[in-house]
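**Q** Before I ask anything, let me first share the structure, which is written out below as structure tokens.
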Amino acid sequence: MLRRSASGTTVTYSVHWDIDDQKAATITEAGIFNSGSLGGTMLCSAVITPPIAKAANDSLDITWTVRLS
């Protein structure tokens, strides 16, 4: 579930993958897009090193804090 909050010049985006997701994956990159469907523009990205190995029975949270000026 994606959540977004804003306060002043700070925007926080967070996403949570629950244990119920039941998918195993190796997370090597994260990004924020301006669309929830294919074809959106990537606004920011980060390469994750070392990669995160998410097993089917793991949960995962990623949080971005963006400060605007």
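The values are calculated or read from the model by the stated rules, or taken from the named source; none is laboratory data. Treat the numbers as computed from the prediction; the structure is a model and nothing was measured. Don't worry about glycine lacking a Cβ; one is built from the backbone with ideal geometry, like all the others, and counts go over all protein chains shown. Just the protein is used for accessible areas: all its heavy atoms, side chains included, with ligands, DNA and RNA removed. Shrake-Rupley method; radii C 1.70, N 1.55, O 1.52, S 1.80 Å.
**Q** Rank these by accessible area, largest first, 1.4 Å probe: Leu60, Leu68, Leu2.
**A** Working: Leu60 20, Leu68 100, Leu2 125 Å².
So, going from the largest accessible area down, we get Leu2, Leu68, Leu60.
**Q** Between Met42 and Asp58, with labels modelled 7 Å along Cα→Cβ, what's the label distance in nm to one decimal, could you check?
**A** Once both label points are built, they end up 2.1 nm from each other.
**Q** In addition: Please give the contour-minus-distance gain from Asp18 to Thr49: 0.36 nm per residue of separation, less the Cα-Cα distance, rounded to one decimal in nm.
**A** Values: separation 31, 0.36 × 31 = 11.16 nm, distance 2.20 nm.
Computed gain between Asp18 and Thr49 is 9.0 nm.
**Q** If you don't mind, another one. How much of the accessible area of the chain, in percent, comes from carbon and sulfur atoms when a 1.4 Å probe is used?
**A** Numbers: 2830 of 5230 Å².
Ligands and nucleic acids excluded, carbon and sulfur reach 54 percent.
**Q** Counting alpha carbon pairs within less than 8 Å and at least 6 residues apart, what relative contact order, in whole percent, applies to segment 14-69? Walk me through the numbers on the way to the answer.
**A** Working: 81 pairs, mean separation 26.6, N = 56.
Normalised by residue count, the contact order of segment 14-69 is 48 percent.
**Q** Just to make sure I understand: if all protein chains stay in place, what is the order of Thr9, Thr49 by accessible area at 1.4 Å, largest first? Mind dumping the intermediate values first?
**A** On the way: Thr9 80, Thr49 115 Å².
Largest accessible area first, the list is Thr49, Thr9.
**Q** What share of Cα pairs, in percent, lie more than 19 angstrom apart in the chain?
**A** 43 percent
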